[in-house]
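Participant: I'd like to ask you about the structure that follows.
The values are calculated or read from the model by the stated rules, or taken from the named source; none is laboratory data. These numbers were taken from a predicted model, which means no experiment stands behind them. A quick note on method: Cβ atoms are made from the backbone with ideal geometry, for glycine too, and the neighbour counts reach across all protein chains shown. What goes into the accessible areas is simple: the full protein's heavy atoms, side chains included, and nothing from ligands, DNA or RNA. Shrake-Rupley method; radii C 1.70, N 1.55, O 1.52, S 1.80 Å.
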Amino acid sequence: MSQNATAAARGAEISPENVPELSHQRRWWILLVISLSMLMGVLDGTIVNIALPSAQHDLGFSDADRQWVVTAYALAFGSLLLLGGRIADLAGQKVTFLVGLAGFAAASVVAGAANGFAVLVIARAVQGLFAALLAPSALSVLMTTFTDPRERAKAFTVAGSVAGAGGAIGLILGGVLTQYLDWRWTMYVNVIFAVVAFVGGAALLHRTPRDTSSKLDVPGTLLASIGLFCLVYGFSNAETHGWDSPATWGMLAAGAVLVAVFVWWQNRAAYPLLPLRVLLDRNRGASFAALFVTGAGMFGVFLFLTYYLQQSLGYSALNTGFAFLPLIVASSSASAVANNVLVARIGPKPVVPLGMAIAAAGLIWMTKLDLNSGYVTQVLPQLVLVGIGLGTVIAPAMSLATSGVAATDAGVASAAVNTLQQVGGSIGIALLSTMASGAATDYLSGRDPKAPGVLAQAGLAGYSTAYWWSAAVFAIGLVVTALLYRRGVPQQEENAAPVVHM
């Protein structure tokens, strides 16, 4: 028997039946606590985007640096999620869940009190570190608490709905806190959610048995974490030092080599961090690729459109939050139709590539935005179109990401879903920021920056370039998913656990 098969056999001994059964009366309260922690994680992402222009003005960091406020979190979260999932298995779900909450809250306080750019970025990275511990723990708690398939489906539906609604709530809450209090409260508000979830978790969660048959894949952890960091840093460095800088191409080359070695090692490790059997199914591979692409394109859209609305059109933080709501509503509506109707009838092969095409079309349309664009006629239609595209891609891809995965691999498959989306977002923001900065610099070449409207037009040139590159990313995703997805309606395995995005 191969080493992977041996590891799978050992993992098969760990099942929900071996975990102490939680009280029947408590399980729905536990769902409330877990949903609250997921809501906090989703809120943090959208709140920060709305508050970022105000934070930049207050702390005085440059346009080239602003991406790191988002990237530092996403990079730490994405590169450490797989490790967080394994630690949850080794140390127990309750311990890692509570430690994750406490650490996230403490880092949020430091971020809110930051007196400079460096402190803010470091605190955001620490937030991502503890989120990487919290997210897989929360998912594992749901999986072990709700063992009945029908109740588990309901629980994941509730948690997924909360996570989806969190994006919209974050936009409004971020606008309210930034406009009427201060951008720092977009960090402090996490403490309220964390304290309530911590108290509930400490009172309701039971200690679960640790997986003593498995060990931490230290070489795999180091290869994956350092490799992903090198890739994101290389793309980010290109904005300030150019593509011909040794630090840029050197880090990109090192990252590519380390990730390749990681893949090689996972096929030989006795306790692989990410068993390759999780990735090799065609539908799952296509789903992982789709989520990477949407992360790369979606994060960039939120970042640059936020700056366009606030700096080019003069929107307040609150109005910016409301301006994004149609995208969230369109995405949620399209998700329900795509996953429950279209994929169930015709399969993912035509549906997901169609979503990629719709998102790309919306992004290309966004390149026409200027300083006189009206919201209803020239911003809203593009937002709705991009939202429909994202929803048509994300829901089927996340649903199929664990289709057919053994129960023992469900946790790592779920972590891989979030990892790819977060790392895709990190790379996307870095790449798009580099391209946007280059376009703005090119526009200013030979022009007087002090002349009326020149800086504003340079900003538009940068945003437009970012939208073009985002559209190109989705076009690549269209080709990849069209080639990889199997024809026909996929058969969902009964034991496959659903995925909740955080």
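Participant: Of all residues in the stretch 371-380, how many are surrounded by 14 or more Cβ atoms within 10 Å (Cβ to Cβ) and not in a loop (DSSP other than H, G, I, E, B)? Spell out how you get there, then give the answer.
Facilitator: Step one: filter the stretch 371-380 for residues surrounded by 14 or more Cβ atoms within 10 Å (Cβ to Cβ), giving 373, 375, 378-380.
Keeping just the survivors that are not in a loop (DSSP other than H, G, I, E, B) gives 375, 378-380.
Result for the stretch 371-380: 4.
Participant: Identify, by number, the condition in (1) of a type outside the set (V, I, T); (2) at pLDDT 80 or above; (3) within 29 Å of L231 (Cβ to Cβ); (4) open to solvent by less than 10 Å² (accessible area, probe 1.4 Å) that A74 doesn't meet.
Facilitator: (2)
Participant: Find the residue count for the stretch 107-118, including only residues that are in contact with a helix residue (DSSP H, G or I) (Cβ under 7 Å, 6 or more places away or on another chain) and either under 18 Å from S426 (Cβ atoms) or part of a helix (DSSP H, G or I) (or both).
Facilitator: 7
Participant: What number of residues in the stretch 227-269 are farther than 30 Å from R487 by Cβ and either at pLDDT below 80 or of a type outside the set (A, V, I, L, M, F, W, C) (or both)?
Facilitator: Kept after step one, since they are farther than 30 Å from R487 by Cβ, are these residues of the stretch 227-269: 227-262, 264-265, 268-269.
Imposing the further condition that a residue be either at pLDDT below 80 or of a type outside the set (A, V, I, L, M, F, W, C) (or both) reduces the set to 227, 232-246, 248, 250, 255, 268.
Qualifying residue count, the stretch 227-269: 20.
Participant: So in the stretch 373-389, with the set limited to residues that are in contact (Cβ under 8 Å) with a residue 40 or more places away in the chain and over 21 Å from the mean Cα position of the chain (by Cα), which one is farthest from Y308 (Cα to Cα)?
Facilitator: Filtering first and then ranking leaves L380.
Participant: Name the residue, out of A395, A430, A451, that is in a helix (DSSP H, G or I), at pLDDT below 80 and open to solvent by 10 Å² or more (accessible area, probe 1.4 Å).
Facilitator: Values: A430 fails: open to solvent by 10 Å² or more (accessible area, probe 1.4 Å); A451 fails: in a helix (DSSP H, G or I).
Exactly one of A395, A430, A451 is in a helix (DSSP H, G or I), at pLDDT below 80 and open to solvent by 10 Å² or more (accessible area, probe 1.4 Å), namely A395.
Participant: Quick check, is T441 among the polar types (S, T, N, Q), touching a helix residue (DSSP H, G or I) at 6+ places or on another chain (Cβ under 6 Å) and part of a helix (DSSP H, G or I)? Give the derivation first.
Facilitator: Details: among the polar types (S, T, N, Q): yes; touching a helix residue (DSSP H, G or I) at 6+ places or on another chain (Cβ under 6 Å): no; part of a helix (DSSP H, G or I): yes.
In short, no.
Participant: While we're on this one: For the structure I just gave you, tell me whether A336 is within 22 Å of the chain's Cα centre (by Cα) and free of Cβ contacts under 8 Å to residues at least 60 places away in the same chain. If you could, list the steps in order and put the result at the bottom.
Facilitator: On the way: within 22 Å of the chain's Cα centre (by Cα): yes; free of Cβ contacts under 8 Å to residues at least 60 places away in the same chain: yes.
Criteria met by A336.
Participant: Using the structure shown, decide if G404 is open to solvent by 20 Å² or more (accessible area, probe 1.4 Å), at pLDDT below 75, outside any helix (DSSP H, G or I) and at positive phi. Walk me through it before giving the result.
Facilitator: Working: open to solvent by 20 Å² or more (accessible area, probe 1.4 Å): yes; at pLDDT below 75: yes; outside any helix (DSSP H, G or I): yes; at positive phi: yes.
So G404 fits the description; yes.
Participant: Being farther than 14 Å from F304 by Cβ, without any contact (Cβ under 8 Å) to a residue 60 or more places away in the chain and either surrounded by 13 or more Cβ atoms within 10 Å (Cβ to Cβ) or basic (K, R) (or both) is the requirement here; does D442 meet it? Spell out how you get there, then give the answer.
Facilitator: On the way: farther than 14 Å from F304 by Cβ: yes; without any contact (Cβ under 8 Å) to a residue 60 or more places away in the chain: yes; either surrounded by 13 or more Cβ atoms within 10 Å (Cβ to Cβ) or basic (K, R) (or both): yes.
Yes; evaluated as a whole, the condition is true for this residue.
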